[in-house]
């Protein structure tokens, strides 16, 4: 992975305001990346000085190995988890089959998964 990609991810994570969250997939999309896992890898390797705790899994849960610390940091910012998960507003159903296929395999659930 190149330095430009790392810096785009770092800037996107840095831009998440206190009290708000984003998913790994949302950060990947903002940075023009195809892989949410790459965002996770960048944060694991080079995210210690970033608000990494504001980045959650697509289902609104914390990374299992960091869940206690991540949820405590979020709670300190006023973000409350319910049963270990961030309550999210339901997303509108995308009825366009082309976009559904384009998003298949990404970290957000496809229409068939809903």
Name the one entry in 43, 56 that is under 12 Å from the mean Cα position of the chain (by Cα), crowded, with 19+ Cβ neighbours inside 10 Å, free of Cβ contacts under 8 Å to residues at least 40 places away in the same chain and within 16 Å of residue 74 (Cα to Cα).
-> 56
Can you list the helices (runs of 4 or more DSSP H) found entirely within segment 1-91 that contain at least 1 residues being at pLDDT 95 or above and in contact with a strand residue (DSSP E or B) (Cβ under 7 Å, 6 or more places away or on another chain)?
-> 3-14, 24-30, 36-46
Of all residues in segment 19-40 being in contact (Cβ under 8 Å) with a residue 60 or more places away in the chain and within 20 Å of residue 73 (Cα to Cα), which is surrounded by the fewest Cβ atoms within 10 Å (Cβ to Cβ)?
-> 19
Tally of residues being at pLDDT below 65 and either over 17 Å from the mean Cα position of the chain (by Cα) or more than 22 Å from residue 35 (Cβ to Cβ) (or both) across segment 92-114 | 14
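The values are calculated or read from the model by the stated rules, or taken from the named source; none is laboratory data. Just so we're clear, the structure is a prediction, and the values are computed from it rather than from any experiment. With ideal geometry, Cβ positions are generated from the backbone for all residues, glycine too; neighbour counts draw on all protein chains shown.
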